[in-house]
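**Q** Here it is: the structure, laid out below.
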Amino acid sequence: MRLGMVIDLDRCIGCRSCAVACKSHNAQPPGTWWNRVFTPGASFHQAAVGKDGALQMEYLPVSCQMCDNPACQKVCPSGATYTDERGVVLIDYERCIGCRYCIAACPYGVRQYNWEDPKKAKERAGYEKGYEYGYPADFRDKDGRLVYTPNRPVGVVEKCTFCAQYTSRGEQPACVKGCPGKVRIFGDLDDPSSEVSKLVRKRQTVRLKEELGTSPKVFYLAATKPIR
């Protein structure tokens with residue numbers, strides 16, 4: 001099994017519902033976003049850019065690319081970053097020493113450092129007393145490694161996990177469920193009958209910076225209809 005994702009750029013409307021769902025379900029502290037949506041060529045989101053004498057907009061959702069050859073894992077001195085049996089690149093929060101070598105090595109800029117205690121961050125952001133968000137319990141993989149906790153320790157690196165707390169029991173990631181345009185398709189790339197596998201075989205796809213040899217498991221269906 002190799003879990004992967006296909007993102008249909010023609011369907012993306014730039015609403016950022018994926019980013020909000022991801023943030024809410026994974027209890028990300030203020031200022032932390034595992035999922036982002038860019039407007040390529042523009043200085044800020046939802047701004048049109050000139051191309052071939054016309055204005056147009058395109059959107060590019062970016063999160064962890066779940067590489068088969070992850071640069072982040074190679075430089076991790078503590079073994080905190082690892083790839084599980086499903087092909088998902090994860091971080092063991094109990095092993096992470098906060099050196100941030102992985103942040104420097106990742107060519108996609110998707111890893112983020114947790115600078116402060118999440119509980120204090122929530123208080124600073126003005127959340128009401130007692131309010132909590134996200135999946136409410138710790139999640140450990142089959143070997144007992146802590147790959148999700150609603151209150152991550154200060155001084156660790158974090159990123160998208162393909163919602164390990166959900167996908168481990170056969171559910172879809174929060175970004176897939178929360179997308180109103182059905183832009184994201186998730187499944188087993190090694191299963192020839194899965195929708196993601198069929199799309200990768202039959203449609204023209206691109207992967208971000210694949211010339212670096214990272215072999216991402218996130219595939220983009222090339223946009224053919226930019227917004228004008």
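**Q** I'd like the residue in region 97-108 that is in a loop (DSSP other than H, G, I, E, B) and within 19 Å of the chain's Cα centre (by Cα) and, out of all such residues, is nearest to K74 (Cα to Cα).
**A** Among residues in region 97-108 that are in a loop (DSSP other than H, G, I, E, B) and within 19 Å of the chain's Cα centre (by Cα), the one nearest to K74 (Cα to Cα) is C106.
**Q** Any residue at all in region 42-57 that is under 27 Å from D138 (Cα atoms) and assigned to a loop (DSSP other than H, G, I, E, B)?
**A** For region 42-57, residues under 27 Å from D138 (Cα atoms) and assigned to a loop (DSSP other than H, G, I, E, B): absent.
**Q** Can you pull out every residue in region 1-32 that is in contact with an Asp or Glu (Cβ under 8 Å, 6 or more places away or on another chain) and open to solvent by 20 Å² or more (accessible area, probe 1.4 Å)?
**A** Matches in region 1-32: M1, R2, L9.
**Q** Tell me yes or no: at least one residue of region 33-50 is open to solvent by 10 Å² or more (accessible area, probe 1.4 Å), among the polar types (S, T, N, Q) and under 29 Å from G87 (Cβ atoms).
**A** Looking through region 33-50, none of the residues is open to solvent by 10 Å² or more (accessible area, probe 1.4 Å), among the polar types (S, T, N, Q) and under 29 Å from G87 (Cβ atoms).
The values are calculated or read from the model by the stated rules, or taken from the named source; none is laboratory data. Just so you know, these numbers come straight off a predicted model, no measurement behind them. Positions of Cβ are generated from backbone atoms using ideal geometry, with glycine treated the same way; all protein chains shown enter the neighbour counts. Just so you know, the surface numbers come from the protein's heavy atoms only, side chains and all, with ligands and any DNA or RNA stripped out. Shrake-Rupley method; radii C 1.70, N 1.55, O 1.52, S 1.80 Å.
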